[in-house]
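One structure is given below, encoded as structure tokens.
Any read-out appearing in this document is the output of simple, stated calculations on the displayed coordinates, not a laboratory observation. This one's a predicted model, so the numbers in the text were calculated from it and none came from an experiment. Cβ placement follows ideal geometry from the backbone for every residue including glycine, while neighbour counts extend to all protein chains displayed.
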Amino acid sequence: MNHSLEERIEQLKLKNATEKMNVFGRLLVDNREMSLWEHDTKTLSWGVRRWRRKALKFAREHIRPLAPEADLHPHDYDPKPIMAAAAREGFQTLLLVPPLGSASMLPYFKGTAFQVAVVGEEFATECGGLALLLLAHNLGIVPLLLSGSLRNIFRQMIPFYLKSYILGRPECMAFAITEPGAGSDVEETEGGAKAKLVTTAKYSPEKKGYIINGQKCFISDGAIADKVTVYAKLEDEGIESWTCFLVEKGMPGFSVGRSERKMGQRASDASELIFDNVFVPNKNVVGKLRSGWANNRNVLNYSRPVVGAMALGHGRGAFERCLEFCRKTNLGPKRLIEYQDVQLELADMAISLWAARSMIWQSCKQFRCYQSGSASAKVFASDTAFKVCNQAMELMGDQGYLHKNGVERSWRDSRLTQIYEGTNQINRLALFEHHLSTDFGMATD
């Protein structure tokens, strides 16, 4: 029987060709038809899988409708409703397990940051700015958890979580390390030694606390935060004395300055915080005095994989919108997706994103995040995302440049992930530093 070329090609596809195998041979071939997203989700443990599905649903129902307007008019929309919705769903309390938090227990003790990372990808797929709005407060909370101080955890973190998770009335926290003269400097060892810090804490024995003066800048959620974990050097000392303090909105002398107008991730504010003789009582010291530098560096170990996951979401969002465009758009007699060179480009984008996801998930699969793994995942994922966003815009041409199609927003959002949580150059140095003695050290005779 003669068959057309199209029929022969169809018969040679693995799914059809395996019909000629015996029953045991067929059992060894995975012919399940499912999306890349579903395939990856099924590899996860039940608890993480649950949060990934839940985050996808929340992102499509709450973030997607709000994203265009929040990006165009970031200073005019009200972030409280979506933050309250996220709190009711348990997304704001993923750093502790029940009954104090909402993280699934077994996955949490295998990888503390894993559940936050999978949520971050789903949120950022729809909008980087709204993802940052909802996730940055975890960054503000982490110093309390990683301080190892039961006093801080029980006095500050747990009441915060109970109010958010049980009552659905979330407060927002922010993380403040960046200063006008010290950005990525305070995220790397040599830079830290040279950093020009201005935020200073002076002990007041009469008041039994510290007087903080100085300034922080580019603080995500700084304008809306109810509490801020602020790092300040002690008077007449250097960064070695860095100490973390919990500063609360309403404390006399604490105010919000300029709110930046950003290129990307616009829906989350980046604000200047001003400290003018702000009194902070002893009970608001986070951890031990002078432990702030170590605490800060470890916070970054836990946050960098999540930033990488957010970058992955930006790239995936651009890819998904570009894929839909290629399905619907004709070039000559065929749809774009039917051209082999377009298929090659789309496959390259999917492979890049898959590789980035694998690296992020691998870096999260331990209870304690470690410096080199976290830094490498953040670098690879953010560089990959920016490349994929560029590829999407090139495939879509002038349509990729239009705000309504969402790809140029993903491109703008992804660029920031190569900068914050330490520039990618700083993160490369973090990898080198971590393995200087084991892998990169100079050989000696």
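How many angstrom lie between the C-alpha centres of segment 204-248 and segment 119-183?
Centre-to-centre distance over Cα atoms comes out at 17 Å.
Order these peptides, 419-429, 293-303, by their mean beta-carbon neighbour count within 10 angstrom, highest first. Each step should come with its number before you reach the end.
Numbers: 419-429: 19.7, 293-303: 21.7.
The most tightly packed comes first, giving 293-303, 419-429.
What residue among Y370, G400, L346 has its Cα farthest toward the positive end of the dipole of segment 294-435, where the charges are +1 on Lys, Arg and -1 on Asp, Glu, each on the Cβ?
Checking the options against the dipole of segment 294-435, the answer is Y370.
For the chain, set up a Gaussian network in which alpha carbons nearer than 10 Å are linked by springs, and say which option among V29, V186, V256 fluctuates the most.
V29
Towards the positive end of the charge dipole of segment 174-292, with charges on Cβ (+1 Lys, Arg; -1 Asp, Glu), say which of A195, F254, C217 has the farthest Cα.
The listed residue farthest towards the positive side: F254.
Among DSSP beta bridges whose residues both lie in the chain, state the antiparallel percentage, nearest 5.
85 percent
State the volume of the convex hull built on the alpha-carbon positions of the chain, expressed per residue in Å³ and rounded to an integer.
189 Å³
222 nm [θ] for the chain, helices only, -39500 (n - 2.57) per DSSP H run of 4+, per residue, to 500?
Roughly -15500 deg cm²/dmol at 222 nm, from the helical runs in the chain.
Output the relative contact order of the chain, whole-number percent, from Cα pairs under 8 angstrom with separation of 6+ residues.
About 16 percent, as a whole number.
Could you give the angle, 0 to 90 degrees to the nearest 10, between helix 371-396's Cα long axis and the longest principal axis of the Cα atoms of the chain?
So the inclination is approximately 50 degrees.
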